[in-house]
Every structure is written in C-alpha cells, then in structure tokens.
DNA sequence: ATAAAATGACTGACCAGTCAGTCATAATTC
DNA sequence: GAATTATGACTGACTGGTCAGTCATTTTAT
C-alpha cells in the first residue's frame, strides 16, 4: 500500500544509458530463454494471446501457493514472480496491485464451487444419499484440492477484505445454503431429516469447516479421518439406525 | 552504534552535559508528564512495582486489539504502544520481540479455557443437560468475550506458528476432547448419545467453530442466532424428540 | 521496422528493533 | 527530615532491511 508516483519526466534518458550494467545481460538472457521455453512447452507455436492467457494462470497459481503458505501480508510478489517464472513487473501487466491479485484469486477459485452443488438440489434422492454425495464432492473437489487452501485463506484474511467476504457470501454461501435449506425442508416433511435443521444449513457444513481448520493447524500432530467423521455426522443426522 | 557506555561512569559527566540537546527536552518532558498522569490516574500513588505490573497487562490488551483487527503481520507495534499509552521501546522491556508478544498473548488467553470445561466431565448429568451447559459456557466465556477473537487469531495465524499450535493442541484441545470423549462414551452406554460420536468430539464443537468463523466474516451481512443454532444441534444429537 | 510484452534495477515508504539519554522515585548520607 | 546520589523504567529518534510499485530499456512477435 504505497503509492507515491511522483512521475519521472521523460527526457534525460540519453545520459543514463551508459550506466546500464552489462555483465548481467548474458545471464539474464539465459534465464529468460528457459522461462520462455517453459511457458510455451505445451505445443502451440505460442501466439501472443495464448501466452498472455498462460501467464495469467501461472501468476494465479503461484500467488495461491505463496499466499496460502505465508498469508497475504507476508507473501512477497517477488516470490510469486519467481515461482511463476517471470519478472515482478509482469505481474503488474495482469493485475493492478497486490490487493487486486489476491481478491481476483479468491474470487476465481471460490465462485465456481456453486455450479456442482446447486445442481444437486434438483435431484430428488433420499436425504442420506444426497448428504453422502455432498460429502464426496466436498472431499474430492475441495478437501483434496487447493480449494481448501483458498477457503483457509478466506477464513484467515476475509475480515480485512469485507468486499471479498460479501462477494463470497452473496455468490456462493447464500446460494448453497438456500438450496440446502430447501432440500432439508422437503426431507423433513418426508421424515428423513430432523425438524429445525433446515433453518441452519450451516450445521450440515460444519464438519467440513472443522476438517479444513483442523488439518491446517494440527494435521501432522493429530491426523483426522475426515471421511469417517463426516460419515458419523451423516449417520447421526439422517438415520436413527445407520446402515453404513 | 556508537559508544557503549552501559551506565555512564561518574566523572566525565560534567563535560558532556553541554551537549545535551535542549530543543527536545521541553517537548519530551511534556509528553512524558501526560503519560505518567494517565498511568497513575486510577488512584494509587503509583509505586514502581505497581506500575510495572499494569504495563504488561496494558500491552497485552492493546496487542490483542491490534492483532485481531489487522492480523499479525499488519499490526504495527507503534500502534500497540500508542493504544497502551506508552512508547514503543517500552514494549521491549516486557517482551523480547513481536513474535514473543504474539505467542504469549495467545497462550495466556487460551490455556485457561480448560479449567472450567475439564471439571465438567466429572459431574454426571444427563448428556443433553451437560451439552446445554457446555453451550452456555461457550457463549458466555468465549463467544461474548474477546476470547473468540483470540481463537480467530489462532485459526488465522496458527499455521505460521507451529509451536503455538502444538501448545494449543496439547494443553487445551486434546484435554477437552479427551474429557468429552469419555463423557460421550458413558452417555452412549446409557443410550443418551449416538454411537460413534465419542470418537469425534470435534462434532460437538463444530457449531462453536462455525459461530466464530461466521460472525467474523459475515456477522453484519447475515447475523446468525448462535444460541438457537447450538440448541438445534443439541436437540438433534441428544434426543429423538427434543423438548425445548 | 514497429509495436507490444517483458524485464529488473530502482525508489520511497514503512517498520521492527535499538540505545543514548531523561527523570521520577528509592536509597543513602548527613 | 532534608539534601544528595543511585537506579532503572521509560522514551523516541534512528538504523538497517524489506518490499510494493514504477519505468527506462531490452526482447520478442508480427
């Protein structure tokens, strides 16, 4: 958060040229070649656009790793650049500043979550099976991917990005919980879900939150069998005598 | 860096006196007077000792506010000092560095939690009542106090302070969950708690975690009736047909 | 040849931690 | 008990290092 442009005047440039360090040129050139090879290694005789798109992806991926390893404040953009195999300045061709990079990262990772889940509200499965499928999706699509790190980031830093929290709530959570609430209400009418649960869909999601927070803090210290925990939870909520 | 007097020797003092900057003296004096007035404003004709004790407290209180408002990295010790009504240097008389201050703060706030809870394992109440009492303790002693902010801090920053996470796990969580597990096992034997729950006491605590995280992120946006949510949870876990 | 993209040295703000100096209080002396 | 000296809690200007963001220059694509 420092913006003190000042604006250097154009004009005196000629005089400076002599100062350019030469020794470095060769080295830098080599490193650069490697980078470019990497960027284009897929196959396409990389057009500008293709490369540009790739860059964005690379930056976001690197940023995710750095941010989730050190947190927003402690993460250094130099490291993000290094990890992405580019120079720091390049980041600024794709993102206005550190804040923007962070927010676009979370937004891009979090919003797509609804897709899969919202659709599920439609299928009219028995509640327990639906819950089990939900659990599988959670484990496969969130817990075992980097999305869990994104959620961790949201939890850890969300407070200082209220706009981000709002987006996440509006575009993701409120929709998921609304769908869940509807499903739960129907299930309760059929006697497949406890009364009152529909009002607090958070209680369905709670073990997921526990899983993410616990493994983040005590993962090595005291591993948690997440699938089993969630199964236990489901059995308690949706069947007096669970089958499996 | 310069001379290293450690305690100026008596003798040459006279000569130096002239060098003392004057312009500052008056200003500094005034500021100081204000500080001292504030420090002693309670009533005690502040003795050295009494003041010293108060300072530590004041620093910890200020640090809690700053840390939980901005996070560990972004919090500035100058602001902590300002909030505590002291100078930055003073912090270093009581804490080695920023890390230490942070860790001692969390440790001091978190460890005492066990006291109340562990005792409860003894009383042999019906499970549901025990759960309700637990919920009341949580709401009164954690959720409605600054301890919830401390837990939030632990969640947000704990990953980068593994030693702290370990202490928290060993000295607090493992004990609480062990006690809870035992209670749940007995309750299950009496038919008052679902089988399997004893293995995952985290499931009892889950709504508490939800409460803390939710209110931190979406508190203003979508308030959550924490007590009601927890009651719903208890009713589902511990009675087929809840009474209230 | 020209434009667009990328680079990385550089700048300036920022902040943890230091330390020489101050001064209220305590200890000692007369 | 008044005057003198010693103590150490407290201060805040300062240092050294860090890092977000800029921009003149170089590289690449067309």
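The values are calculated or read from the model by the stated rules, or taken from the named source; none is laboratory data. Please read all numbers here as calculations on a predicted model, not as lab measurements. Note that we place each Cβ from the backbone using ideal geometry, even for glycine, and neighbour counts take in every protein chain shown.
One table, with the values for the structure above:
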item	result
Residue ID - farthest from residue B:183 (Cα to Cα), chosen from residues in the range B:215-228 that are at the interface with another protein chain (Cβ under 7 Å from one of its Cβ atoms) and surrounded by fewer than 22 Cβ atoms within 10 Å (Cβ to Cβ)	B:221
Helices (runs of 4 or more DSSP H) (entirely within the range B:125-180) containing at least 3 residues that are within 11 Å of chain A (Cβ to nearest Cβ) and under 17 Å from the mean Cα position of the chain (by Cα)	B:147-157, B:162-168
All positions within the range A:63-117 that are within 11 Å of DNA strand C (Cβ to nearest atom) and within 14 Å of chain B (Cβ to nearest Cβ)	A:73
Candidate set: the range A:186-214, residues that are within 29 Å of the chain's Cα centre (by Cα) and part of a loop (DSSP other than H, G, I, E, B); chosen: the one farthest from the other protein chains (Cβ to nearest Cβ)	A:201
Conditions (1) modelled with pLDDT of 95 or more; (2) over 30 Å from residue B:181 (Cα atoms); (3) away from DNA strand C (no atom under 15 Å from the Cβ); number of the one not met by residue B:56	(1)
Out of B:183, B:150, B:172, B:111, sole residue that is more than 25 Å from residue B:237 (Cα to Cα), surrounded by 15 or more Cβ atoms within 10 Å (Cβ to Cβ) and out of contact with any strand residue (DSSP E or B) (no Cβ under 9 Å at 6 or more places or on another chain)	B:150
From B:106, B:110, B:77, residue being modelled with pLDDT of 50 or more, closer than 24 Å to residue B:147 by Cα and within 12 Å of DNA strand D (Cβ to nearest atom)	B:77
